[in-house]
Structures are given as structure tokens and as C-alpha cells.
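Below: one structure, written as C-alpha cells.
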Amino acid sequence: MSVASSAATESVSEGSVDLSGVRSIDGVDVKGKRVLVRVDFNVPIENGVVADATRLKRVLPTISKLAEAGAKVIVLSHLGRPKGVISPDTSLKPVAEKMRELMPGTTVHFIGDCFGEEARRGVAGVKPGEVAVLENVRYYSGEEKNDREFAKALAELGDIYVNDAFSAAHRAHASIEALAHLRPAYAGLQLMAEVDALGRALENPARPVMAIVGGAKVSTKIEVLTHLVTRMDQLAVGGGMANTFLAANSIDTGASLVEPEFVATAKDIMARAKTSGCEIVLPTDVVVAKEFKPGVEWRICPVGAVPADTMILDFGPASVADLKRRLQGVKTVLWNGPLGAFETAPFGEGTFALAREVARLTREGKLVSVAGGGDTVRALNIVGVAGDLTYVSTAGGAFLEWLGGAKLPGVVALAKSGARAAC
Ligand code: AMP
């Protein structure tokens, strides 16, 4: 089940791409047209049923808007990693069934293939205002190879292309990248909101702008730290990563999680910060314990006085107060990663206090706040403030890549389509 391979000629290696070319579907005449909508329906399926429909609900506004405007909505997605082989456990059939439930009053078809005769015949039967979910694009190896021939076959099924899968936009795959060059290409409502929010916080923020980057390890966020340090006015480093920065400043961190092989990286990031006028913010006091488990004895101690047999598991109250004070003076904050091992009480207190303060300042109109990443979203939800921030990204890998300065192939392709149309 594969199509002849020919890598798409339009690559994604550009240095500077003007994202203002990304066009929204707002105002586009889609009446009677076949609109190919790439979404991320990579959802958990349990016993043949969608176990979490969050991702489906998130793209409903785009799909409904197009259907209501009289489009024939042809939905493309991947699910799991079938790697070019048909496997029933990664079929999108249960997703189509769930979409039927979520869109009462709209006809939702399921078409058992996204390529070839079955796909063509299925799409030909879709009427204006109806929705069709095609089978998993990853059943064809051409998808992950960004194969132009495969993309052409997909393009034959539609007149217009819409990408509403920001969480997959960092993948140069055929239905995300190559296809966007073959039809007039637009951003769905969710993707547009994400590009706007990240653009507002990172490309052209209201200043002063501060980033807070936490999490376990420096090694997983080197690009993010290196990119942010040249763009932010302040960069607060939290979580286990802060320990490696403290070690780079020759501060003893006891038995804490430290990555000795990344001490040099931390030093380099601090040197870059100096030359680009970014202040690096590290904790001044910390919460320590001998073990990392619930109910253990813990104490607060100044950085520099961490007992040899204890590990740093959270920011201390003075460090949290320092962050809060700094937030009063900034207009934009970008946040990824917890300040401590927040899953285990009481080591979530720093992260939760930060979440509450960011939410409060945003509610009061004093702060533009953009947060993202699985753990950060989880922490915001624990405190119940996710809805108060300016924007919360659930895009995971794509969000982190954007923070690291990568040009996301899916977004670049949309920008190029817009730029071509403007010529
Ligand atoms: P990441 O996936 O890199 O964003 O890291 C998130 C994880 O970092 C969470 O599971 C936290 O428990 C963990 N973490 C945060 N602070 C610390 C710390 N001081 N020591 C060990 N783990 C930490």
C-alpha cells in the first residue's frame, strides 16, 4: 500500500519566512467547494471507542464553520504510527463515529481510504454542508515521506486546503506540507489562534517580556533556552534544570538532579544572556527533601546551603515572591515547564503559586500570558486557572519547537501559499 516515491521539491529549510502570509479561512468563499481539512485526530481509542474527544472538540469550530458555509468538508488526519501499513487499531472509523455524535444535524461520512478509487468515489458522494472523515493518511508511506505524488493524490480530492492541526505542524508530512503547495491553503481557526498567540508572545511581544522555562532537564530544552535568551528581557529557569544552572555558578546542589555534561551549555546560555541583555533568573531559596516521595520531611533553605544528602524539589517562598515581583513589571510572559516536582505534594506549591499569579495579572489586564506543554497545562488545570491565561497551547512538540525558533513546515507552507496568492 504505497505510492511511487518522489520527495516534494519545495523544502522547508528557509531561514526567514514572513508568517503574515498565513491566511485565515474567515471570509473565504467555500460554498459548494470540496475543502480538505487536515486535523490532528490522533486520539486514544479504547475498545473501538474514542476515549478522549478533546482534540475533536477543538477543531469543531473550523469544521462546523465550513459545513455551515456550504463546503463539502473532507477531513484528513493521522492516528498512531501505522508506518505505511493498514492496521485496524489505528483506523479513524471510531473517530468518525464520535464526530457524528458531536455534530448532530450534520451528515458525517466515513470513507475507508484516503487514496485511490474508494477515496474518489466516497468524496464524490459528499454534498455541500456534509462532512467526510477519510481513513488514516499514515496507512501510506508517502505521508511521512512528504511524497509529492501522494500529496497530489490527496489534492485531487479537494479544491481548497485548510490546516487546523498546529500540533502536527512541525512534521514535514505530505498532508501537512506538500499538499499545502498544491491548493490554495488556509489556516483553520485553531491553528490561526495558535500562530497569533505565539507570534504575539515571541516574535513581537509587548515589552518587557519574560520567559519562565522549567522542567526536569536542560538537555531537552537547549534550543528553547538558546533561542529565548536572545529575545527575552528576563529568562527564569526553574525545575531540575535550574540545578544545572546553579552548578554552572559553582553552587553546591547536594543530591539534586544535575546534568554535569550540560554545565558548559548552561554557562554558554548565561554568557549569551549577558551579551543580549537578558537577565537570567534563578532561585534564591529552595524546598529540599532527602527523598522524592509523598509525605517525606522537607525544609526550605537558601541556595548555597543545600545539605549534601538532600535534593532540590521546588522553588522556595522567597524565589516565588521574587518571580511575582518581576511579573508586576513585565507586559508579556511565556511559560513552559514546572518550577518543581509538582506532581508530588508539597513540591507543587511554587508552580501553583506562579500559575495563580499569572492568571490574576492576566485577568486584571496587566499581562499577556502564553503557556504550553503537557506539565504546564496540567498544573494550570490543577489550580483551575487555564481559562484565565491569554493563550494555553496544548500542542506539545510543535509548541516547544516554535519556542526553540524552528520554522514549522506546516505553518511555513501556509505562509508561502498566502504569499504566492498576494503576488
Ligand atoms: P519536562 O518534561 O522537562 O517539562 O519536565 C517535567 C518534569 O520535571 C516533571 O515531571 C517534574 O516533576 C520534574 N521536575 C521539576 N522540578 C524538578 C526537580 N527539582 N527535581 C526533579 N524533577 C523535577
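For (1) among the aliphatic types (A, V, I, L, M); (2) surrounded by fewer than 23 Cβ atoms within 10 Å (Cβ to Cβ); (3) within 16 Å of the ligand (Cβ to nearest atom), each residue gets a yes or a no:
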| residue | (1), (2), (3) |
| --- | --- |
| GLY277 | no, yes, no |
| THR310 | no, yes, yes |
| ASP314 | no, no, yes |
| ALA318 | yes, yes, no |
| VAL368 | yes, yes, no |
Qualifying residue in region 169-185 (condition: small (Gly, Ala, Ser), in the same structural domain as ASN42 (by TED's automatic domain parsing) and surrounded by fewer than 24 Cβ atoms within 10 Å (Cβ to Cβ)): yes
Within region 219-252, tally of residues that are crowded, with 23+ Cβ neighbours inside 10 Å, in contact with a strand residue (DSSP E or B) (Cβ under 6 Å, 6 or more places away or on another chain) and of a type in the set (S, T, N, Q): 1
Selected residue [under 18 Å from ASP159 (Cβ atoms) and in the same structural domain as ALA187 (by TED's automatic domain parsing)] from LYS127, LYS98, LYS57: LYS127
Subset of region 399-418 [basic (Lys, Arg) and not in a helix (DSSP H, G or I)]: LYS407
Of all residues in region 332-366 being surrounded by fewer than 18 Cβ atoms within 10 Å (Cβ to Cβ) and within 11 Å of the ligand (Cβ to nearest atom), the one that is farthest from PRO208 (Cα to Cα): THR344
Count of residues meeting criterion [closer than 21 Å to VAL218 by Cα and among the basic types (Lys, Arg)] in region 349-405: 1
Residues satisfying the stated conditions in region 285-308, i.e. under 33 Å from the mean Cα position of the chain (by Cα) and open to solvent by 80 Å² or more (accessible area, probe 1.4 Å): GLU291, PHE292, LYS293, PRO294
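Conditions (1) surrounded by 17 or more Cβ atoms within 10 Å (Cβ to Cβ); (2) among the hydroxyl-bearing types (Ser, Thr, Tyr), marked per residue:
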{"position": "ILE63", "(1), (2)": "yes, no"}
{"position": "LEU66", "(1), (2)": "yes, no"}
{"position": "ALA69", "(1), (2)": "yes, no"}
{"position": "VAL73", "(1), (2)": "yes, no"}
{"position": "ILE86", "(1), (2)": "no, no"}
{"position": "THR90", "(1), (2)": "yes, yes"}
{"position": "ARG100", "(1), (2)": "no, no"}
{"position": "HIS109", "(1), (2)": "yes, no"}
Wholly within region 102-166, strands (runs of 3 or more DSSP E) carrying at least 3 residues that are of a type in the set (A, V, I, L, M): 131-134
Among the candidates ARG207, ARG183, residue that is part of a loop (DSSP other than H, G, I, E, B) and in contact with a helix residue (DSSP H, G or I) (Cβ under 8 Å, 6 or more places away or on another chain): ARG183
Residue that is without any contact (Cβ under 8 Å) to a residue 24 or more places away in the chain and either open to solvent by less than 10 Å² (accessible area, probe 1.4 Å) or in the same structural domain as ARG356 (by TED's automatic domain parsing) (or both), where the choices are VAL385, VAL377, VAL411: VAL377
Residues located in region 307-342, provided they are within 24 Å of ASP233 (Cα to Cα), touching a residue at least 60 places away in the same chain (Cβ under 8 Å) and of a type in the set (A, V, I, L, M, F, W, C): PHE315, LEU323, LEU327, VAL330, VAL333, LEU334, TRP335, LEU339
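The values are calculated or read from the model by the stated rules, or taken from the named source; none is laboratory data. These numbers come from a predicted model, not from an experiment. We place every Cβ from the backbone using ideal geometry, glycine too, and count neighbours over all the protein chains shown. Surface areas here come from the heavy atoms of the whole protein model, side chains and all, with no ligands, DNA or RNA. Shrake-Rupley method; radii C 1.70, N 1.55, O 1.52, S 1.80 Å.
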